[in-house]
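To keep things clear, I will list the structure first and then write my remarks on it.
The values are calculated or read from the model by the stated rules, or taken from the named source; none is laboratory data. Every value quoted in this text rests on a predicted model; they were computed, and no experiment measured them. Positions of Cβ are generated from backbone atoms using ideal geometry, with glycine treated the same way; all protein chains shown enter the neighbour counts.
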Amino acid sequence: MSDASTTEPSVPAKLPPALSPAQQRNIINVVRRTARAEILPRFRRLSGSEIRSKSSTSDLVTDADTRAEAMIARALQIAFPHAQVIGEEATAETPKLLDTIADAPLAFIIDPVDGTWNFAHGLPLFGVIVAATRFGVPVFGLIYDPVADDWAIADEDSAPQLQRPIGPARTLRASAAKPLEEMTGSVPLHLFPKDKQAQIAATFPQFARIASYRCSAVEYRMLAQGHLDFSLTALLHPWDHAAGALVAARAGAHVRMLDGSDYTAARTTGNLLIAPDKATWGKLKKLFDFLLDA
């Protein structure tokens, strides 16, 4: 006879999707409208007064950034009145907005023009990034290319895709594992602490190629399409990485902080390391472990 006091362990109920397909389509439409209204009309047409510096002469903000963020944020606040909306430019004015990510049942994180330096200098390597998080965990990511008018998209359930207005979507897949000497990677050397840059640069000859495109939107799309094998971040701004970390992970990449912990958009320090698989990630971790002493 079974013990009546013994009960089966409870299984946590699976949470419903954070965003419905219709809500995802609405966000895509908002971003595309914003690009046509506020970003593309200013591309290669900015006057000097429309470009300003933030933390340094290479950290730029333009009228396209501020106006696009305002338009996207306003649309999200209307569509999701109970969600926390956090934009890169709003956070520059109110840094405490970052503190709300960890406790928000639903938060939207906006990078209105990722790759602003490229945009301001007339280079077509920029994008719009929108992520949704649930208590800091990314559950939706959209990385939009205004020039090509296509987007990488992922959520917590579906296969990630590269979509366009007309034509079939393409499933995204990260690169296959390969020896380090055959790998291409993204490492933004100029963003790391000065006292670590020489040590980081000394690892570069071990790879086939190392690059930095000054644009997380471009780099995450390349990772998810298998055109880059790995990336190592220097800064952990959530608007740069929340969407891309989800897209890359759903595309099959191994996505972890360099210390081995899970990535969360609420975390603002440390280095995010992305590799084709767990074994390759381990090899890269050993190579860059010295950054944990920074």
**OP:** Could you tell me which numbered condition residue 165 fails, if it satisfies all but one of (1) assigned by TED's automatic domain parsing to the domain that holds residue 32; (2) over 30 Å from residue 25 (Cβ atoms)?
**Re:** (2)
Subject >> Condition met for residue 236 (closer than 14 Å to residue 101 by Cβ and surrounded by fewer than 24 Cβ atoms within 10 Å (Cβ to Cβ)) >> reply: yes
**OP:** Determine whether the range 256-269 contains at least one residue that is of a type in the set (Lys, Arg) and under 28 Å from residue 124 (Cβ atoms).
**Re:** no
**OP:** Would you mind stating whether residue 130 is at pLDDT below 95, in the same structural domain as residue 162 (by TED's automatic domain parsing), of a type outside the set (S, T, N, Q) and surrounded by 17 or more Cβ atoms within 10 Å (Cβ to Cβ)?
**Re:** no
**OP:** Please go through the range 13-45 and pick out each residue that is among the hydrophobic types (A, V, I, L, M, F, W, C) and either loosely packed, with under 15 Cβ neighbours inside 10 Å or touching a His at 6+ places or on another chain (Cβ under 6 Å) (or both).
**Re:** 13, 15, 22, 37
**OP:** Scan the range 209-218 and give yes if some residue there is crowded, with 18+ Cβ neighbours inside 10 Å, more than 15 Å from the chain's Cα centre (by Cα), of a type outside the set (Asp, Glu) and not assigned by TED's automatic domain parsing to the domain that holds residue 285, otherwise no.
**Re:** no
**OP:** Kindly indicate whether any position in the range 243-258 is of a type in the set (Val, Ile, Thr), crowded, with 24+ Cβ neighbours inside 10 Å and either part of a strand (DSSP E or B) or not assigned by TED's automatic domain parsing to the domain that holds residue 287 (or both).
**Re:** yes
**OP:** For the range 24-37, indicate whether the set of residues that are at pLDDT 95 or above, out of contact with any Gly (no Cβ under 8 Å at 6 or more places or on another chain) and more than 27 Å from residue 159 (Cα to Cα) is non-empty.
**Re:** yes
